[in-house]
Structures are given as C-alpha cells and as structure tokens.
Amino acid sequence: MTPRPVPSPSSEAGPAERASNISVRGVSKRYGRTLALDDVSLEVEAGRLFALLGPNGAGKTTLLHILSTILRPDSGVAEVAGVNVLTNPLDARQRIGMVFQEPSLDDRLTVQENLNFHGLVYGMSLADRRRRIEEMLELVELSDWREHLARQLSSGMKRRLEIARGLLHEPRILFLDEPTVGLDAQSRERIWMYLSELRARENLTIVVTTHYLEEVEYCDAVCIIDRGKVLAEGSPEELKAAHGKEFLRATALNAEAADRIHARHPEAIRSGNSLVIEVKDAAFAPAFLAAFAGELETVSIDRPSLESVFLTLTGRDLRDKKAEPRDIVRAAGQRGEASTG
Amino acid sequence: MKLLGGIYAIWLREVKRALRDRGQLIGGVSRPILWLLIMGIGLNPYFRGEVYGEVRFVIPYTYVQFIFPAIIMLNIMYTSVQSAVSVIWDREFGFLREVLVSPMPRWAVLLGKILGGTTIAVLHGSLVLVLARFANIPMGWLNVVQGLALMFLLAFGLTSFGIIIANRVRSFEGFGVFSNAVILPLYFTSSSIFPLDPALTRAQTAVLYPDWLIFLVSINPLTYAVDAFRGTFIGFNQFDPMLGLIIMGAMAVGFFTLALIDFNRA
C-alpha cells in the first residue's frame with residue numbers, strides 16, 4: 001500500500017501549487033485474447049491539453065477507463081493528481097471529471113436537475129452547487145435551457161451539458177472520450193472553444209481522446225497510440241519534426257525545365273510538369289530555388305501534417321476515415337431532433 | 001453528511017423519474033380498482049361454503065375484505081419489480097457510468113436506488129388504502145402507520161429482489177417476460193385470493209386442496225407477508241403474526257446483501 005496522499009482539495013494553497021499531473025507506468029490490460037493495452041507508460045504535466053490520438057480500438061478508451069477507476073488494469077500503476085487510482089479510487093474520482101463517449105445524462109431530468117444531481121453526489125454544499133451551476137451553464141451557453149428536460153436538447157447541447165457537469169465539482173483533471181464524435185462541424189468547433197477557454201480559466205489538465213487529426217492541432221501534447229502501444233509522444237510540432245515528412249511541390253514552366261529538374265532529382269514523383277519532391281533538410285529548398293528559380297511557374301512547400309506522422313508511424317491511414325455505422329445512426333437520430341445551436 | 005446528500009440525490013432521481021412516468025401511475029391506480037371493485041365484488045357472494053346444508057362464511061370476513069390486504073401487496077410487487085427496470089435503463093443509456101465514476105461508494109448508490117424504488121412502491125401500496133371504504137374496512141391511524149411500516153419492509157425486499165434479477169437480465173424485453181412469469185405465480189400462491197384453509201379444520205383442508213398446492217403456498221414467503229397485512233388491516237391471521245414480520249425482514253436484509261454483492265462485482 002502506498003501512503004495516502006496528504007493534501008486534500010480544500011486545504012491547498014494556491015492554484016500555482018497544484019500538481020495535477022497524470023502518471024501511468026507499465027499499464028497492461030487484456031480482454032480475453034486481445035491485449036488492449038500493452039505496457040503503456042505516460043506522463044501528463046499539469047495544465048496541459050493532452051490528446052490521445054489513435055484509430056478506434058487502439059486502446060484509448062480503455063486507458064481512460066483505467067484512469068477514471070471504472071476498469072482495473074491487469075498490471076501497472078496509474079496516478080491522477082497524485083492519487084493512486086488502484087488503491088484510492090474514491091479519492092481519485094473526486095479529483096477528476098469525466099465526459100464519456102456515449103451520452104450519460106438522465107434525459108428525464110431537466111438540465112438543472114442533472115447538474116444538481118451531480119453536485120450532490122460529489123458532496124458539494126448548496127451554496128457551491130448554486131454558484132457552480134450558474135458558472136458552468138454560462139460557460140456552455142445553456143443558461144436559457146435550465147428548465148428543459150435533457151431529452152429536448154440537441155446532441156451538441158447534450159455534449160456541452162456533459163462538459164458542464166464534468167466540471168461542476170471543480171476537478172483538477174477533465175477526461176473527455178471522443179467529445180466531438182457525431183457532432184456537426186459547428187458544434188465541434190464550439191466544444192474546442194470551451195475547452196481552451198476552460199484551460200485558461202480553471203487551471204485544468206484536459207485529456208481528450210480523438211481520432212480527428214485536425215482537432216489535435218489545438219492540443220499542447222499528443223500521444224499517438226495504436227494496438228495498445230504508445231508509438232510517439234510530444235507536441236504536434238515535435239511530432240511533425242520527428243516523424244512527419246515535408247514535401248516540395250513545383251510546377252515547371254515547360255517540359256524541358258521539368259525534365260531538367262527530374263534529372264537532378266530522380267526520386268521526384270512527376271505528373272506532367274508538376275513534381276513532388278521529399279524535403280530532406282532545411283538547406284534543400286533554398287538550394288532548389290537557387291538552381292531552378294527561373295524555370296518555375298509555382299513552387300510550394302507542404303509542411304509535415306499529423307496525418308503524415310500517423311502514416312509514418314503506423315504504416316497506415318487512420319482506419320475510420322468513413323463514419324462508423326454507429327455514427328451514421330446517431331447522426332440520423334440527431335436530424336430528427338432540434339437543431340444544434 | 002456528504003454521503004447522505006448523495007443518497008438523497010439518487011433517491012430523489014428515482015422518485016422524480018417514476019412520478020414523471022404516467023403509465024406507471026395509471027397502472028398503480030387501475031390495478032387495485034380492477035381487482036377490488038370488479039373481481040372482489042364479483043366473487044363476494046361465492047366466498048362461503050355449504051357444510052351439511054348450512055350456509056356459513058369460511059372466515060368471518062367478506063371476500064372484498066379478505067383480498068384487500070393482498071391487493072396492497074400486488075401493487076407493491078408490480079411497482080417494486082418495475083423500479084428495477086431503471087437499473088437496466090441506466091446501464092443501457094449510460095447513466096450508470098456517471099454514478100460509477102462519482103466518489104460515492106457502491107453500497108450508498110445501491111441504497112439510494114432501492115430506497116427510491118421502495119418509496120414509489122409504498123406510494124402505490126397506499127393508493128389501495130384510498131379504496132378501503134369500498135371494501136368496508138375501517139381504517140384507524142394505528143392501522144395506517146403499522147401498514148405503511150410493513151409496506152416499506154416488503155417493498156425494500158422486493159425492490160432489492162428486482163435489482164438482483166435486473167443485473168442478470170440484459171434487455172428490457174427479457175425483463176418484461178420475467179416480471180409476468182414471476183409476479184403472478186408468486187401472487188397466486190401466496191394465499192392472496194383464497195385462504196389456505198377453506199374449511200375450518202385441517203382434515204378438510206387435505207381433502208379439498210391438493211398437497212402440492214398447500215406445499216407451494218406454505219413455501220412462498222409472500223404468504224406470510226400477506227398474512228401480516230391481513231393481521232394489520234382486518235385482524236385475521238392464518239399464522240403466527242410475528243412470522244410475517246420476520247420473513248419480510250429477512251427478505252429485505254438477504255436480498256439487499258445479494259444485490260450489493262452483484263453491484264460490487266459489476
């Protein structure tokens with residue numbers, strides 16, 4: 001048994017002293033014959049917006065469920081905000097907020113009742129509940145909907161309500177499992193807006209799982225995970241620098257010019273007068289321009305994208321470019337309901 | 001203190017959900033009316049036996065009076081077991097997770113849930129009391145208080161029982177089949193609609209009712225629950241009055257413990 005962590009949430013001095021980091025060491029989890037997590041180790045610094053990126057079935061949700069004490073790992077240690085989730089699950093739960101992939105609101109209760117329920121279950125006083133419900137409803141712009149039953153909300157609004165609920169008890173860490181799946185582009189953007197606002201305001205560590213590459217760009221740190229293993233970790237820039245490839249696209253003025261470029265760079269992919277050449281180092285582009293500047297119609301450089309990072313690391317594209325059947329069903333369900341707004 | 005707030009929240013949610021479900025309320029009102037005013041009054045004249053040409057009542061009560069306490073139990077049975085559907089609901093629609101990641105210990109979650117179901121069942125049980133004057137049953141305050149306490153005890157045990165079953169059933173449909181396959185047989189074999197002893201002596205019982213039926217009735221714990229209700233409302237007991245109390249108490253404790261073991265494992 002590890003000793004109980006001394007500080008309690010209320011007795012702590014200032015937000016600056018909060019050490020709400022997450023630490024995962026050697027965690028494995030097996031479902032029957034599939035190894036969902038294979039000796040995963042991770043550190044997340046306090047105040048980060050951290051993304052777990054990977055295709056469906058990569059083990060993201062399993063990891064999140066272990067961190068939120070729903071699931072016990074077969075081996076390894078996991079700590080959230082300095083509390084061991086295995087030996088002290090109740091303490092750990094008080095310090096984390098959770099937004100699940102599947103909706104988990106009671107749709108027969110009103111917006112306000114859902115939040116009040118959460119506050120009571122997390123042991124908040126009446127005054128705290130009143131203040132926080134007000135604040136959170138304002139943040140997610142649902143103040144006018146407080147008396148509505150949860151089932152009357154659109155799915156974008158439901159997701160916002162769940163974020164408000166997850167934050168009601170002032171957790172140090174907020175976990176969101178695929179918070180934007182099944183939402184339209186506008187709602188997705190809004191959710192990211194709230195998240196960045198929150199992080200600035202509440203000194204919160206946010207961990208998001210996603211398989212949308214474009215969303216990862218909002219994050220400070222990304223962990224790419226596939227088939228239960230951590231493949232790479234770092235800021236989006238670092239990952240691109242380490243694993244992404246940069247490409248130069250050039251269109252030559254005429255076929256002769258294109259031939260000359262191709263002769264110099266035989267590895268280039270050529271179609272007509274256009275060529276795509278992999279950029280190997282920083283000196284490449286200036287040298288290329290010096291050599292061919294007069295013979296080019298256009299020239300552009302594709303910065304490495306996370307997409308190419310993912311491709312390089314896993315040797316395949318994100319599996320679910322197409323919507324999964326469940327998303328399609330869900331989206332159809334949404335269309336029947338009120339508009340997202 | 002924190003824990004009480006959490007249990008209160010779970011209780012309140014169960015009660016609110018049940019009260020907002022019109023169908024359940026309609027069932028709770030129409031069931032006793034049907035059983036008492038139609039079946040009860042309809043069979044009233046036949047509830048007597050003819051012994052050597054002399055017409056006499058089997059027991060010194062009318063049939064409506066006799067089944068009145070059993071109808072209270074029937075209403076509680078349906079409502080308690082129905083409240084377990086909310087367990088399946090929570091699992092299917094994800095709300096269970098919201099509770100499982102909360103800092104409430106599992107036993108407190110379960111207790112809140114069972115108390116919520118119990119409250120609604122007691123409410124439905126007391127709806128029957130409104131019909132007491134149609135059954136010609138005098139209702140004193142003492143009867144009501146004592147009756148409510150017994151209803152609470154029975155409802156607590158039955159709600160826990162419903163939750164044990166709900167933990168083993170994967171679908172709403174499965175649960176519907178279960179509740180019909182279990183509630184009515186248990187109800188009919190609890191000496192609810194006929195007295196265990198149709199005559200006044202043991203010898204006649206053996207002649208008139210087959211052994212297997214008497215056996216079923218005597219091993220059904222609800223037989224003793226109905227008996228306790230009868231003792232309270234019409235002052236008629238077929239068994240030791242304490243037996244009903246003991247058996248209902250044992251059901252409440254036993255089923256709650258089993259439900260808790262299940263819930264801790266989930």
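A few notes on this one:
- Per residue of B:8-20, other chain Cβ atoms within 10 Å of the residue Cβ number 3 on average.
- A simple spin-label model places the labels of A:Arg72 and A:Glu214 4.4 nm from each other, with each point 7 Å out along Cα-to-Cβ.
- Here the stretch B:27-182 was treated as a single set of alpha-carbon atoms; its pair distances binned every 10 Å from 0 give 10, 32, 28, 18, 9, 3, 1, 0 percent.
- Sorted on the mean count of surrounding Cβ atoms within 10 Å across their residues, most packed first, peptides A:164-175, A:248-259, B:126-137 read A:164-175, B:126-137, A:248-259.
- D (Stokes-Einstein, µm²/s), Kirkwood Cα radius, the stretch A:158-271, 0.692 mPa s at 37 °C: 187
- Separation of the B:Leu3 and B:Phe188 label points, Cα + 7 Å toward Cβ, nm: 4.5
- P(r) of the stretch B:2-265 over all Cα-Cα pairs, binned every 5 Å from zero, in whole percent: 1, 6, 12, 17, 18, 15, 12, 8, 5, 3, 2, 1, 0, 0, 0
- Tilt relative to chain B, helix B:172-188 - C-alpha long axis, 0 to 90 degrees, to 10: 30
- Computed over the stretch A:89-179, Kirkwood Rh from alpha-carbon pairs, angstrom: 13.0
- Descending by average beta-carbon neighbour count within 10 Å, the peptides B:73-85, B:158-170 line up as B:73-85, B:158-170, the highest first.
- Mean per-residue shielding of peptide A:109-121 is 5, counting Cβ atoms of other chains within 10 Å of each Cβ.
- For the stretch A:217-263, alpha-carbon Rg and Dmax in angstrom: 18.1, 51
- Put a dot 7 Å past the Cα of A:Asn56, heading toward its Cβ, do the same for A:Leu126, and the two dots end up 4.7 nm apart.
- Rg(Cα) / (2.2 N^0.38 Å) computed for the stretch A:253-299, rounded to two decimals: 1.05
- Per-residue extension of 0.36 nm, minus the Cα-Cα distance of B:Phe215 and B:Asn44, leaves a gain of 58.9 nm for this segment.
- In sequence order, calculated HN-Hα J values of the stretch A:253-261 (Karplus, 6.51, -1.76, 1.60; Hz; x Gly/Pro): 5, 8, 5, 5, 4, 4, 4, 5, 5
- For the peptide A:85-95, the mean number of other protein chain Cβ atoms found within 10 angstrom of a residue's Cβ is 2.
- On Cα atoms only, tilt of A:185-202 relative to the major axis of chain A in degrees: 60
- From the largest down, chain A spans 79, 50, 44 angstrom on the principal axes of its Cα atoms.
- Volume in Å³ per residue [convex hull over Cα atoms, computed for the protein assembly as shown]: 207
- Sorted peptide list for B:4-15, A:48-59, criterion being average Cβ within 10 angstrom, highest first: A:48-59, B:4-15
Every number in this text was worked out from the coordinates using simple rules, so none of it is lab data. These numbers were taken from a predicted model, which means no experiment stands behind them. Cβ coordinates were reconstructed from backbone atoms using ideal geometry, including for glycine residues, and neighbour counts include every protein chain displayed.
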